[in-house]
Amino acid sequence: MSKNVFSGLFGKKKKTAPDAADVRSKGETGDEEGGADRNAGVGETANAPVADPKPEGSQFFADEAQAPSTEQRQSPPQEDQKKPNWFSRLTKGLSKSSAKLSDGVSAIFTKRKLDDETLDELTDLLITADLGVPAATRVTTTLAKDKFDKEITDREVREALAGEVAATLAPLEKSLAPNAANKPHVILMIGVNGAGKTTTIGKLAQKFKDDGQSVMLAAGDTFRAAAIEQLTVWGERTGAPVIAREVGADAAGLAFDAVKEAKAQNTDVLIIDTAGRLQNKSALMDELAKIVRVLKKLDETAPHDVLLVLDATVGQNAISQAQAFQDIAGVTGLIMTKLDGTARGGVLVALADKFSLPVHYIGVGESVSDLQRFDAKGFARALAGVDQETMTIGDSA
(Lines give C-alpha, C1' and ligand atoms only; values in the text may rest on other atoms or scores of the structure.)
Protein backbone atom coordinates (compact mmCIF):
# COMPACT_ATOMS: atom_id res chain seq x y z
CA MET A 1 0.00 0.00 0.00
CA SER A 2 1.52 3.32 -0.97
CA LYS A 3 1.76 6.22 1.36
CA ASN A 4 -0.76 8.10 -0.78
CA VAL A 5 -3.24 5.27 -0.34
CA PHE A 6 -2.41 5.13 3.36
CA SER A 7 -3.03 8.85 3.74
CA GLY A 8 -6.31 8.54 1.92
CA LEU A 9 -7.36 5.74 4.25
CA PHE A 10 -7.22 7.96 7.30
CA GLY A 11 -8.02 11.28 5.67
CA LYS A 12 -6.43 14.56 6.47
CA LYS A 13 -5.91 15.15 10.15
CA LYS A 14 -7.87 18.08 11.40
CA LYS A 15 -5.84 20.50 13.41
CA THR A 16 -7.08 20.80 16.94
CA ALA A 17 -6.36 23.66 19.32
CA PRO A 18 -7.25 24.17 22.95
CA ASP A 19 -10.61 25.75 23.56
CA ALA A 20 -9.06 28.70 25.36
CA ALA A 21 -11.15 31.52 26.71
CA ASP A 22 -9.97 35.04 26.03
CA VAL A 23 -8.44 35.88 29.39
CA ARG A 24 -7.56 39.51 29.99
CA SER A 25 -4.16 40.10 31.54
CA LYS A 26 -4.25 41.96 34.80
CA GLY A 27 -0.48 42.45 35.03
CA GLU A 28 1.09 43.46 38.30
CA THR A 29 -1.50 44.71 40.76
CA GLY A 30 0.56 47.24 42.62
CA ASP A 31 0.55 45.11 45.78
CA GLU A 32 3.87 43.97 47.09
CA GLU A 33 4.59 40.42 46.03
CA GLY A 34 3.06 38.18 48.63
CA GLY A 35 1.10 41.05 50.17
CA ALA A 36 -2.62 40.68 50.64
CA ASP A 37 -5.01 42.52 48.36
CA ARG A 38 -5.75 45.70 50.24
CA ASN A 39 -9.44 45.46 49.45
CA ALA A 40 -9.92 41.92 50.79
CA GLY A 41 -9.47 40.29 54.18
CA VAL A 42 -7.14 37.44 54.94
CA GLY A 43 -8.47 33.90 54.83
CA GLU A 44 -11.86 34.53 53.24
CA THR A 45 -13.65 31.20 52.88
CA ALA A 46 -16.25 29.61 50.66
CA ASN A 47 -18.96 31.61 52.39
CA ALA A 48 -17.42 34.90 51.33
CA PRO A 49 -19.42 36.77 48.70
CA VAL A 50 -18.11 36.70 45.18
CA ALA A 51 -19.22 38.46 42.06
CA ASP A 52 -22.27 37.25 40.16
CA PRO A 53 -21.25 33.74 39.00
CA LYS A 54 -23.37 34.11 35.86
CA PRO A 55 -22.24 37.36 34.26
CA GLU A 56 -24.47 38.49 31.43
CA GLY A 57 -23.39 37.16 28.07
CA SER A 58 -21.18 34.39 29.44
CA GLN A 59 -21.82 30.71 29.87
CA PHE A 60 -21.88 29.38 33.41
CA PHE A 61 -18.80 27.22 34.02
CA ALA A 62 -17.61 27.96 30.51
CA ASP A 63 -14.62 25.91 29.32
CA GLU A 64 -14.86 23.52 32.27
CA ALA A 65 -16.95 20.43 33.00
CA GLN A 66 -20.31 21.29 34.55
CA ALA A 67 -20.06 21.65 38.33
CA PRO A 68 -22.34 19.63 40.63
CA SER A 69 -25.96 20.68 40.90
CA THR A 70 -27.43 22.17 44.08
CA GLU A 71 -28.82 18.78 45.04
CA GLN A 72 -25.43 17.12 44.60
CA ARG A 73 -23.80 19.57 47.03
CA GLN A 74 -25.57 18.05 49.99
CA SER A 75 -23.75 14.72 49.96
CA PRO A 76 -20.69 13.06 48.43
CA PRO A 77 -21.16 11.66 44.92
CA GLN A 78 -22.75 8.24 44.76
CA GLU A 79 -20.90 5.96 42.40
CA ASP A 80 -22.79 3.43 40.33
CA GLN A 81 -22.43 0.09 42.08
CA LYS A 82 -22.67 -1.73 38.75
CA LYS A 83 -19.92 0.32 37.12
CA PRO A 84 -17.43 -1.73 35.07
CA ASN A 85 -13.93 -2.26 36.41
CA TRP A 86 -11.25 0.32 35.70
CA PHE A 87 -9.64 -1.50 32.76
CA SER A 88 -13.04 -1.81 31.06
CA ARG A 89 -13.69 1.90 31.55
CA LEU A 90 -10.16 2.74 30.40
CA THR A 91 -10.63 0.63 27.27
CA LYS A 92 -13.93 2.32 26.55
CA GLY A 93 -12.46 5.75 27.25
CA LEU A 94 -9.56 5.16 24.88
CA SER A 95 -11.76 3.52 22.22
CA LYS A 96 -11.32 6.38 19.74
CA SER A 97 -7.53 6.34 20.00
CA SER A 98 -7.47 2.54 19.97
CA ALA A 99 -9.76 2.28 16.96
CA LYS A 100 -7.57 4.60 14.92
CA LEU A 101 -4.50 2.51 15.66
CA SER A 102 -6.14 -0.92 15.40
CA ASP A 103 -7.95 -0.17 12.14
CA GLY A 104 -4.80 1.29 10.65
CA VAL A 105 -2.66 -1.66 11.67
CA SER A 106 -5.21 -4.12 10.32
CA ALA A 107 -5.34 -2.29 6.99
CA ILE A 108 -1.56 -2.41 6.65
CA PHE A 109 -0.83 -5.95 7.79
CA THR A 110 -3.63 -8.06 6.31
CA LYS A 111 -1.81 -11.05 4.80
CA ARG A 112 1.41 -9.15 4.26
CA LYS A 113 5.05 -9.59 5.03
CA LEU A 114 6.96 -7.06 7.06
CA ASP A 115 9.06 -5.15 4.55
CA ASP A 116 10.35 -1.61 4.10
CA GLU A 117 7.05 -0.42 2.67
CA THR A 118 4.93 -1.76 5.52
CA LEU A 119 7.39 -0.40 8.08
CA ASP A 120 7.13 3.05 6.51
CA GLU A 121 3.34 2.88 6.56
CA LEU A 122 3.35 1.76 10.20
CA THR A 123 5.69 4.61 11.11
CA ASP A 124 3.35 7.09 9.43
CA LEU A 125 0.36 5.63 11.26
CA LEU A 126 2.00 5.91 14.68
CA ILE A 127 3.11 9.48 14.04
CA THR A 128 -0.36 10.56 12.87
CA ALA A 129 -1.73 8.94 16.05
CA ASP A 130 0.42 11.46 18.00
CA LEU A 131 2.84 8.94 19.51
CA GLY A 132 5.74 10.94 18.11
CA VAL A 133 8.73 10.00 15.96
CA PRO A 134 10.93 8.42 18.70
CA ALA A 135 8.22 5.99 19.83
CA ALA A 136 7.24 5.15 16.27
CA THR A 137 10.87 4.40 15.42
CA ARG A 138 11.29 2.14 18.46
CA VAL A 139 8.21 0.10 17.58
CA THR A 140 9.24 -0.46 13.98
CA THR A 141 12.82 -1.26 14.97
CA THR A 142 11.61 -3.88 17.45
CA LEU A 143 9.39 -5.51 14.84
CA ALA A 144 12.04 -5.46 12.13
CA LYS A 145 14.55 -7.17 14.39
CA ASP A 146 12.58 -10.42 14.58
CA LYS A 147 9.97 -10.27 11.84
CA PHE A 148 11.50 -8.58 8.81
CA ASP A 149 10.57 -10.32 5.53
CA LYS A 150 8.25 -12.64 7.44
CA GLU A 151 4.47 -12.71 7.60
CA ILE A 152 3.13 -10.88 10.62
CA THR A 153 -0.38 -10.46 11.96
CA ASP A 154 -2.02 -7.26 13.09
CA ARG A 155 -2.31 -8.72 16.59
CA GLU A 156 1.46 -9.21 16.79
CA VAL A 157 1.96 -5.60 15.74
CA ARG A 158 -0.51 -4.32 18.33
CA GLU A 159 1.12 -6.44 21.05
CA ALA A 160 4.54 -5.04 20.13
CA LEU A 161 3.07 -1.53 20.22
CA ALA A 162 1.55 -2.13 23.64
CA GLY A 163 4.85 -3.45 24.96
CA GLU A 164 6.79 -0.43 23.73
CA VAL A 165 4.25 2.06 25.08
CA ALA A 166 4.27 0.31 28.46
CA ALA A 167 8.07 0.30 28.58
CA THR A 168 8.15 4.02 27.79
CA LEU A 169 5.54 5.04 30.35
CA ALA A 170 6.23 2.63 33.23
CA PRO A 171 9.10 4.70 34.72
CA LEU A 172 6.75 7.71 34.87
CA GLU A 173 3.92 5.96 36.69
CA LYS A 174 3.94 7.77 40.03
CA SER A 175 1.30 8.24 42.70
CA LEU A 176 0.58 11.71 44.05
CA ALA A 177 1.41 11.43 47.74
CA PRO A 178 1.43 14.63 49.82
CA ASN A 179 4.29 14.78 52.30
CA ALA A 180 2.98 14.73 55.86
CA ALA A 181 5.95 16.87 56.91
CA ASN A 182 4.52 19.76 54.90
CA LYS A 183 1.75 21.61 56.67
CA PRO A 184 0.32 22.33 54.23
CA HIS A 185 1.53 20.37 51.23
CA VAL A 186 0.97 22.97 48.50
CA ILE A 187 -0.22 21.82 45.07
CA LEU A 188 -0.33 24.42 42.30
CA MET A 189 -2.63 23.52 39.40
CA ILE A 190 -1.80 25.04 36.02
CA GLY A 191 -2.89 24.74 32.40
CA VAL A 192 -4.85 26.45 29.65
CA ASN A 193 -8.55 27.22 29.79
CA GLY A 194 -10.73 24.25 29.01
CA ALA A 195 -8.24 21.59 30.14
CA GLY A 196 -10.35 20.78 33.20
CA LYS A 197 -8.22 22.21 36.02
CA THR A 198 -11.03 23.23 38.35
CA THR A 199 -12.96 19.99 37.91
CA THR A 200 -9.76 18.00 38.48
CA ILE A 201 -9.10 19.97 41.68
CA GLY A 202 -12.52 18.96 42.98
CA LYS A 203 -11.90 15.30 42.17
CA LEU A 204 -8.45 15.38 43.82
CA ALA A 205 -9.92 17.03 46.91
CA GLN A 206 -12.44 14.21 47.20
CA LYS A 207 -9.72 11.58 46.84
CA PHE A 208 -7.52 13.22 49.49
CA LYS A 209 -10.50 13.53 51.85
CA ASP A 210 -11.31 9.86 51.28
CA ASP A 211 -7.71 9.09 52.32
CA GLY A 212 -8.31 10.93 55.61
CA GLN A 213 -6.42 14.13 54.80
CA SER A 214 -7.67 17.63 55.47
CA VAL A 215 -7.89 19.77 52.34
CA MET A 216 -8.19 23.49 51.62
CA LEU A 217 -8.84 25.01 48.20
CA ALA A 218 -7.79 28.42 46.87
CA ALA A 219 -9.75 30.01 44.01
CA GLY A 220 -6.76 31.53 42.26
CA ASP A 221 -8.51 31.93 38.91
CA THR A 222 -9.60 35.43 39.82
CA PHE A 223 -10.32 36.40 36.21
CA ARG A 224 -13.55 34.38 35.93
CA ALA A 225 -16.49 34.58 38.31
CA ALA A 226 -17.64 31.18 37.07
CA ALA A 227 -14.33 29.58 38.11
CA ILE A 228 -14.63 31.01 41.63
CA GLU A 229 -18.20 29.76 41.92
CA GLN A 230 -17.32 26.35 40.54
CA LEU A 231 -14.51 25.84 43.03
CA THR A 232 -16.79 27.03 45.83
CA VAL A 233 -19.32 24.38 44.85
CA TRP A 234 -16.62 21.70 44.89
CA GLY A 235 -15.55 22.94 48.32
CA GLU A 236 -19.09 22.52 49.63
CA ARG A 237 -19.37 19.12 48.03
CA THR A 238 -16.11 17.80 49.49
CA GLY A 239 -16.24 19.66 52.81
CA ALA A 240 -13.07 21.61 52.01
CA PRO A 241 -12.87 25.31 52.96
CA VAL A 242 -12.28 27.64 50.01
CA ILE A 243 -10.21 30.82 50.07
CA ALA A 244 -11.86 33.18 47.58
CA ARG A 245 -11.95 36.85 46.65
CA GLU A 246 -13.79 39.11 44.26
CA VAL A 247 -13.22 38.89 40.53
CA GLY A 248 -10.07 40.74 39.51
CA ALA A 249 -8.25 40.35 42.84
CA ASP A 250 -4.51 39.78 42.88
CA ALA A 251 -3.98 36.04 42.46
CA ALA A 252 -0.53 36.07 44.05
CA GLY A 253 -1.87 37.86 47.12
CA LEU A 254 -4.66 35.31 47.39
CA ALA A 255 -2.14 32.44 47.21
CA PHE A 256 -0.10 34.09 49.95
CA ASP A 257 -3.15 34.38 52.21
CA ALA A 258 -4.24 30.83 51.46
CA VAL A 259 -0.91 29.40 52.60
CA LYS A 260 -1.06 31.44 55.83
CA GLU A 261 -4.60 30.27 56.51
CA ALA A 262 -3.74 26.64 55.77
CA LYS A 263 -0.79 26.86 58.16
CA ALA A 264 -3.01 28.36 60.86
CA GLN A 265 -5.51 25.52 60.47
CA ASN A 266 -2.78 22.85 60.27
CA THR A 267 -4.22 21.70 56.94
CA ASP A 268 -2.66 18.69 55.23
CA VAL A 269 -3.15 19.70 51.60
CA LEU A 270 -3.68 23.10 49.96
CA ILE A 271 -4.67 23.02 46.27
CA ILE A 272 -4.40 26.33 44.44
CA ASP A 273 -6.31 26.90 41.22
CA THR A 274 -4.88 29.35 38.69
CA ALA A 275 -6.28 31.23 35.73
CA GLY A 276 -6.23 29.39 32.45
CA ARG A 277 -3.70 30.97 30.17
CA LEU A 278 -2.37 30.35 26.71
CA GLN A 279 1.27 29.35 26.70
CA ASN A 280 2.08 32.13 24.20
CA LYS A 281 0.72 34.98 26.34
CA SER A 282 3.81 36.29 28.10
CA ALA A 283 2.02 38.69 30.49
CA LEU A 284 -0.19 35.92 31.85
CA MET A 285 2.70 33.51 32.13
CA ASP A 286 4.65 36.19 34.03
CA GLU A 287 1.82 36.38 36.54
CA LEU A 288 2.08 32.63 37.09
CA ALA A 289 5.79 33.06 37.78
CA LYS A 290 4.87 35.74 40.33
CA ILE A 291 2.58 33.31 42.17
CA VAL A 292 5.43 30.81 42.43
CA ARG A 293 7.78 33.51 43.81
CA VAL A 294 5.19 34.59 46.37
CA LEU A 295 4.66 31.04 47.62
CA LYS A 296 8.39 30.66 48.20
CA LYS A 297 8.36 33.73 50.47
CA LEU A 298 6.34 31.71 53.00
CA ASP A 299 7.91 28.32 52.29
CA GLU A 300 11.03 28.07 50.16
CA THR A 301 10.11 24.48 49.23
CA ALA A 302 6.64 25.48 47.97
CA PRO A 303 4.87 24.73 45.77
CA HIS A 304 5.60 21.11 46.56
CA ASP A 305 3.82 19.89 43.43
CA VAL A 306 3.15 21.83 40.24
CA LEU A 307 0.64 19.81 38.27
CA LEU A 308 0.01 20.57 34.62
CA VAL A 309 -3.47 19.54 33.51
CA LEU A 310 -3.48 18.72 29.80
CA ASP A 311 -6.47 18.17 27.54
CA ALA A 312 -5.76 15.10 25.39
CA THR A 313 -7.90 16.46 22.54
CA VAL A 314 -5.27 19.09 21.65
CA GLY A 315 -2.83 16.43 20.43
CA GLN A 316 0.66 17.69 19.65
CA ASN A 317 -0.17 21.17 20.97
CA ALA A 318 0.21 19.58 24.40
CA ILE A 319 3.96 19.47 23.72
CA SER A 320 4.26 23.25 23.35
CA GLN A 321 2.02 23.78 26.37
CA ALA A 322 4.18 21.53 28.53
CA GLN A 323 7.36 23.26 27.37
CA ALA A 324 6.07 26.76 28.16
CA PHE A 325 4.68 25.87 31.58
CA GLN A 326 7.80 23.89 32.44
CA ASP A 327 9.97 26.93 31.71
CA ILE A 328 7.83 29.26 33.85
CA ALA A 329 6.58 27.18 36.77
CA GLY A 330 8.78 24.09 36.94
CA VAL A 331 6.15 21.42 36.28
CA THR A 332 6.59 18.37 38.50
CA GLY A 333 3.86 16.11 37.13
CA LEU A 334 1.06 15.67 34.61
CA ILE A 335 -2.65 14.92 34.70
CA MET A 336 -4.17 14.06 31.32
CA THR A 337 -7.90 14.66 30.96
CA LYS A 338 -10.58 14.03 28.30
CA LEU A 339 -8.99 10.88 26.92
CA ASP A 340 -12.52 9.60 26.32
CA GLY A 341 -13.23 12.37 23.79
CA THR A 342 -10.34 12.03 21.37
CA ALA A 343 -8.41 9.75 19.02
CA ARG A 344 -5.19 11.47 20.09
CA GLY A 345 -4.41 9.68 23.35
CA GLY A 346 -1.02 8.64 21.97
CA VAL A 347 0.29 12.13 22.71
CA LEU A 348 1.00 10.95 26.27
CA VAL A 349 3.79 8.79 24.83
CA ALA A 350 5.26 11.77 22.97
CA LEU A 351 5.14 13.83 26.18
CA ALA A 352 6.95 11.06 28.04
CA ASP A 353 9.71 10.92 25.44
CA LYS A 354 10.29 14.67 25.47
CA PHE A 355 9.88 15.62 29.14
CA SER A 356 10.01 12.43 31.27
CA LEU A 357 7.54 14.03 33.68
CA PRO A 358 5.66 11.78 36.11
CA VAL A 359 2.09 11.02 35.10
CA HIS A 360 -0.11 10.97 38.21
CA TYR A 361 -3.67 10.66 36.92
CA ILE A 362 -5.64 10.24 33.72
CA GLY A 363 -9.29 11.06 33.19
CA VAL A 364 -11.69 9.12 30.97
CA GLY A 365 -15.03 10.50 32.13
CA GLU A 366 -16.94 12.96 34.28
CA SER A 367 -17.28 11.21 37.65
CA VAL A 368 -14.73 11.28 40.47
CA SER A 369 -13.97 7.60 39.90
CA ASP A 370 -13.14 8.31 36.24
CA LEU A 371 -10.02 10.17 37.39
CA GLN A 372 -7.67 7.33 38.24
CA ARG A 373 -4.04 6.84 39.17
CA PHE A 374 -2.03 6.27 36.03
CA ASP A 375 -1.36 2.63 35.16
CA ALA A 376 1.19 2.43 32.35
CA LYS A 377 0.55 -1.20 31.42
CA GLY A 378 -3.23 -0.80 31.45
CA PHE A 379 -3.00 2.38 29.39
CA ALA A 380 -0.72 0.66 26.86
CA ARG A 381 -3.06 -2.32 26.47
CA ALA A 382 -6.12 -0.14 26.09
CA LEU A 383 -4.42 2.20 23.60
CA ALA A 384 -3.17 -0.64 21.40
CA GLY A 385 -6.43 -2.58 21.59
CA VAL A 386 -4.84 -5.58 23.30
CA ASP A 387 -6.94 -7.57 25.73
CA GLN A 388 -5.82 -7.54 29.35
CA GLU A 389 -4.84 -11.22 29.27
CA THR A 390 -3.12 -11.40 25.89
CA MET A 391 -0.26 -8.89 25.92
CA THR A 392 2.87 -10.98 25.43
CA ILE A 393 5.19 -9.71 22.70
CA GLY A 394 7.28 -6.82 23.96
CA ASP A 395 5.57 -6.85 27.36
CA SER A 396 8.24 -5.33 29.54
CA ALA A 397 6.13 -3.22 31.85
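The values are calculated or read from the model by the stated rules, or taken from the named source; none is laboratory data. Quick caveat, the model's predicted, so the values are computed rather than measured. Backbone-built Cβ (ideal geometry, glycine too); neighbour counts: all protein chains shown. Only protein heavy atoms, including side chains, enter the accessible area calculation; ligands, DNA and RNA are left aside. Shrake-Rupley method; radii C 1.70, N 1.55, O 1.52, S 1.80 Å.
Counting only protein heavy atoms and a probe of 1.4 Å, the accessible surface of the range 103-200 is 51% carbon and sulfur.
A straight line joining the Cα centroids of the range 366-389 and the range 227-289 runs 31 Å. Packing order of peptides 159-168, 308-317, 175-184, highest average first: 159-168, 308-317, 175-184 (average count of other Cβ atoms within 10 Å over each peptide's residues).
Applying a DSSP loop filter and a limit of 12 other Cβ atoms within 10 Å to the trypsin sites (Lys or Arg not before Pro) in the range 112-166 leaves LYS150.
The Kirkwood radius of the range 287-331, taken over pairs of alpha-carbon atoms, gives through the Stokes-Einstein law at 20 °C and 1.002 mPa s a diffusion coefficient of 186 µm² s⁻¹.
The Cα atoms of the range 298-363 give a gyration tensor whose axes a ≥ b ≥ c have a/c of 1.5 or more with a/b greater than b/c, which makes the shape prolate.
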